[in-house]
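A.B. asks: Handing you a structure now.
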Amino acid sequence: MVNVAIFGVGLIGGSIALCLKGKPGIRVIGFSNRESSVQKYIQRGVVDDGTTSIQEAAEQADFIFLCVPVGMLQEYLQKISECKLKDGCIITDVGSTKSSVAAYAKSLDLGNAVFIGGHPMAGSERSGVEAASYHLLENAFYVLTPDESTPSEAVDRLTELLTHTRANIVKVDAESHDDIVGAISHLPHMIAVALVNQVRSYNERNGLYESLAAGGFRDITRIASGDPPLWRDILLDNRQVLLRLLRDWSAGMERFAQMLESMDAEAIEDAFRKAGEFRSRMPERRKGMIHSVYDCYVDVPDTPGIIGRIASELGNNRINLSNLQIIESREDVPGVLRLSFRTQEYLDQAIALLEDLGYSVSQ
Ligand SMILES: NC(=O)c1ccc[n+]([C@@H]2O[C@H](COP(=O)([O-])OP(=O)(O)OC[C@H]3O[C@@H](n4cnc5c(N)ncnc54)[C@H](O)[C@@H]3O)[C@@H](O)[C@H]2O)c1
Ligand SMILES: O=C(O)C(=O)C[C@]1(C(=O)O)C=C[C@@H](O)C=C1
């Protein structure tokens, strides 16, 4: 039996647990510092067992996933390093920054255990085990950051385990990870928050700002609703990279100001053209890319016209579908029809409706 201990069974830890639980030969143990959370994980069927004891979770584990906020990673690594870990135990994390945790792991004596940093490039602005999903990591890139001293056998074992997430593993060094993810994830979160707060202050004088805000504003600002303490930790941890990126961002905005001042129509068009070209190269349906995360999966019987019927039911109930995809039917995937919505409200309404109609719906 392979024991997998998950510390922090929230959005990401819970999603990994859901991918591993029930797989032959795997037992998932959830750790929380609160007994009520442990009970919740077990009741929701996300883990096989749970404990509030770090030692109990760590000492029986073949794999340890640290899925707590970035600001807690070092404390947990340190406490785990004091446990009597199994020989060859692999400790990995899912934190959104990689350099600091890798350096910290190196400074510890982990005995015969091995640390390999990790970061699944999928997520959402939601948090907690309630938001965890079996499908969250499917087709996403999952970054691992081994270095030259990491035994390749350990990387292979972790990669093998992660096949259950259906993510695509990519290996990157920790510093490059922080540069790249700073630009494609952390900077966008800061921009979204600054933009929402800019509009929020205008809205204090005139409530029409809020009323008229439509798709464009919603699309670019969804991530401004991320968990504040979680994002505080991420931004502070990657601050050196982010300070540089913010200077580049300011320069880009300054260029826009110049284009407007000098009425440089061609340059404005050119900026949109280049951005559009780059963005259109990104696959639409890849997890972690620009996409709706308000998805659910419906088991669809093989009956003619069934997809049309589902779409009509949603339409008749004024539930706006933003995308519909028939996904390949495979043995380990419960649903075959993926329905995407623009808001949590539509998603909740759709799930309630489809369940009322007798469909089996999963998230
Ligand atoms: N949110 C995303 O989109 C996303 C994507 C990829 C990676 N990550 C990374 O994943 C990690 C977890 O993020 P999440 O989005 O799953 O957050 P989350 O809030 O959903 O989950 C965090 C979990 O850690 C637990 N936790 C918090 N403080 C704790 C403590 N002191 N002791 C024990 N447990 C504690 C919480 O109870 C929760 O179960 C973070 O390091 C984050 O950087 C997040
Ligand atoms: O889709 C979102 O809401 C996310 O914030 C996911 C996202 C991202 O920025 O793309 C956020 C943090 C991560 O560490 C990885 C992915």
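We did not get these values from a lab; they are worked out from the coordinates using the rules stated. Please read these numbers as outputs of a predicted model, since none were measured by experiment. Methodologically, a virtual Cβ is constructed for each residue, glycine included, from the backbone with ideal geometry; neighbour enumeration extends over all protein chains shown.
A.B. asks: Gaussian network model of the chain, Cα springs within a sub-10 Å range: biggest mean-square fluctuation belongs to which of SER15, SER250, SER211?
C.D. replies: It is SER211.
A.B. asks: Let me ask another. Can you run the Rg to Rh ratio on the chain? Use alpha carbon positions and the Kirkwood inverse-distance Rh.
C.D. replies: Expressed as Rg/Rh, it is 0.99.
A.B. asks: Here's a follow-up. If R₀ is 25 angstrom, what is the calculated FRET efficiency for the pair GLN55 and LEU236, using the beta carbon separation as r and rounding to 0.05?
C.D. replies: 0.25
A.B. asks: Can you tell me the FRET efficiency between ILE326 and ALA275 if r is taken as the Cβ-Cβ distance and R0 is 30 Å, rounded to the nearest 0.05?
C.D. replies: Calculated transfer efficiency: 0.45.
A.B. asks: Provide the FRET efficiency to the nearest 0.05 for the VAL2-ILE306 pair, computing r from the beta carbons and using R0 = 41 Å.
C.D. replies: The computed FRET efficiency comes out at 0.60.
A.B. asks: Further question: Considering Cα pairs under 8 angstrom that are at least six residues apart, work out the relative contact order of the chain and quote it in whole percent. Intermediate values should be presented prior to the final figure.
C.D. replies: Values: 582 pairs, mean separation 46.7, N = 363.
In percent, rounded to a whole number, it is 13.
A.B. asks: Name the residues of the range 147-186 whose amide N is less than 17 Å from a point 7 angstrom out from the Cα of LEU246 along the C-beta direction?
C.D. replies: 179, 182-186
A.B. asks: May I pose another question? If I model a spin label as a point 7 Å beyond the Cα along the Cα-Cβ vector, how far apart are those points for ALA267 and SER211 in nm?
C.D. replies: Rounded to a tenth, the inter-label distance reads 3.8 nm.
A.B. asks: Still on this structure, please answer the following. Placing +1 on the Cβ of each Lys and Arg and -1 on the Cβ of each Asp and Glu in the chain, which of LEU212, ILE268, VAL94 has its Cα farthest towards the positive end of the resulting dipole?
C.D. replies: LEU212
A.B. asks: Just want to confirm a number: the relative contact order over the range 2-175, from Cα pairs under 8 angstrom separated by 6+ residues, in percent.
C.D. replies: 23 percent
A.B. asks: Could you tell me which helices of the chain pass both thresholds, a Cα extent of 20 Å or more along their own axis and a mean Kyte-Doolittle hydropathy of at least -1.0, with helices taken as whole DSSP H runs?
C.D. replies: On the way: long enough: 187-205 (28 Å, 0.02); 239-261 (32 Å, -0.18); 265-280 (22 Å, -0.68).
For the chain, where a helix must reach 20 Å along its axis and average at least -1.0, the hits are 187-205, 239-261, 265-280.
A.B. asks: On to the next question. Compute the length gained on full extension between ILE184 and ASP219: take 0.36 nm times their separation in residues and subtract their Cα-Cα distance, giving the result in nm to one decimal.
C.D. replies: 11.1 nm
A.B. asks: Report the charge-dipole magnitude of the chain in Debye, nearest 20, computed about the Cα centre from +1 at each Lys and Arg Cβ and -1 at each Asp and Glu Cβ.
C.D. replies: 420 debye
A.B. asks: Could you tell me which of rounded, prolate or oblate describes the range 2-175, using a ≥ b ≥ c as the square roots of the eigenvalues of the alpha-carbon gyration tensor, with rounded for a/c under 1.5 and, failing that, prolate when a/b is larger than b/c and oblate otherwise? Can you show the working numbers first?
C.D. replies: Numbers: a/c = 1.42, a/b = 1.16, b/c = 1.23.
Cα axes put the range 2-175 in the rounded bin.
A.B. asks: For the cross-link pairs LYS106/LYS171; LYS84/LYS106; LYS84/LYS171; LYS98/LYS274; LYS40/LYS98, which exceed 21 Å when the distance is taken from alpha carbon to alpha carbon?
C.D. replies: Beyond 21 Å: LYS84/LYS171; LYS98/LYS274; LYS40/LYS98.
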